[in-house]
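The values are calculated or read from the model by the stated rules, or taken from the named source; none is laboratory data. The model shown is predicted, which means the values in this text are computed figures rather than measured ones. Note that each Cβ is placed from the backbone with ideal geometry, even for glycine, and that neighbours are counted across all protein chains shown. In case anyone asks, the SASA skips ligands and DNA or RNA and just uses the protein heavy atoms, side chains included. Shrake-Rupley method; radii C 1.70, N 1.55, O 1.52, S 1.80 Å.
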Amino acid sequence: MPELPEVETTKRGISPHVLQQRIANVTIRQRSLRWPIPDNIEQILTGQRITAIERRAKYLLLYLEHNTQKALLIHLGMSGSLRIAKPDDAILKHDHADIGFENGLILRYSDPRRFGCILWLDTPPIENKLLSHLGPEPLSEEFDGDYLWQKSRGKSIAVKQFVMDQKVVTGIGNIYATEALFTAGIHPNKAAGKVSKAKYALFVADAKRILERSITQGGTTLRDFVGGDGKPGYFAQQLLVYGRKGEPCPNCATTLKEIRLSNRSSVYCSQCQK
DNA sequence: ATTCTACCCTGCAAGC
DNA sequence: TGCTTGCAGGGTAGAA
């Protein structure tokens, strides 16, 4: 489920239940994620108090007391989720990891496809290979049209792949790239180096607006989620073109087309996106 | 240096 | 009903 808004709302949702709580026990049922969960993660975490949670791109960083330079790194991959569970809650098939607290609540990691990861960073996160090369956060001021325009000069790669490259900007996944390219009127297959500064400015403004709106909606989703209802309303948001191949363009009624870039679906309007 | 391809894994929907 | 196929919100390593 996770694109950036869902990771952000996951962070907001678990924070009140997890911050300042001391870890009483750790149970790993399936170590084989994208990379194996470290063998010693149980002993590293047990007895420690979680003092801070950060999101960087689609990664979550959980810091322990006296250890601001070390952190637990969690990524949800394509299908992962975190929820707050109670001791009596049933353990489902893909609930791979539990972090149990002294107050009895459990931070439970689930990931059917196991594309996510749970790693221990024992060097400053900024130095970690997975985090060091990440581009700016999409909601930061640093991310603007000029930045994208500058960064894209001379690139022949399709603009959609360019804006989904985490080295360029983090947190823009397939859905948001598809949507923002549509509202900005940019053909997904246009060479990144040939998109104008003005178009990039439109794209950035639209991407930020869509992400912010999704985060707002995600809050509602997460309250249900944490409460144990587990009904993600993520898709309830209005997507204009994503997943709507063959339907009329909401702007001009031309039938929406689909191309595949990097083997990922890209829906677009051939009339509105040039 | 940039761009492309294959791959990690399970679940689900569509088609036969 | 049951089988096969293709697709899914991500991101890396290594090849071209």
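Overview of values
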read-out: Strands (runs of 3 or more DSSP E) wholly inside region A:8-124 containing at least 2 residues that are surrounded by fewer than 19 Cβ atoms within 10 Å (Cβ to Cβ) and in contact with a Ser or Thr (Cβ under 9 Å, 6 or more places away or on another chain); value: A:23-28, A:50-56, A:67-75
read-out: Output for region A:195-209, where each listed residue is open to solvent by 10 Å² or more (accessible area, probe 1.4 Å) and under 19 Å from A:Pro250 (Cβ atoms); value: A:Leu202, A:Ala205, A:Asp206, A:Arg209
read-out: Selection status of A:Ala192, free of Cβ contacts under 8 Å to residues at least 24 places away in the same chain and either within 13 Å of DNA strand B (Cβ to nearest atom) or open to solvent by less than 10 Å² (accessible area, probe 1.4 Å) (or both); value: no
read-out: Residue that is surrounded by 15 or more Cβ atoms within 10 Å (Cβ to Cβ), of a type in the set (Asp, Glu) and part of a loop (DSSP other than H, G, I, E, B), where the choices are A:Glu179, A:Glu142, A:Glu137; value: A:Glu137
read-out: Filtered residues of region A:182-212 (kept if among the charged types (D, E, K, R), in a helix (DSSP H, G or I) and farther than 29 Å from A:Lys129 by Cβ); value: A:Lys194, A:Lys197, A:Lys199, A:Asp206, A:Arg209, A:Glu212
read-out: Residue count for region A:125-134, restricted to those that are surrounded by fewer than 16 Cβ atoms within 10 Å (Cβ to Cβ) and either at pLDDT 95 or above or among the aliphatic types (A, V, I, L, M) (or both); value: 1
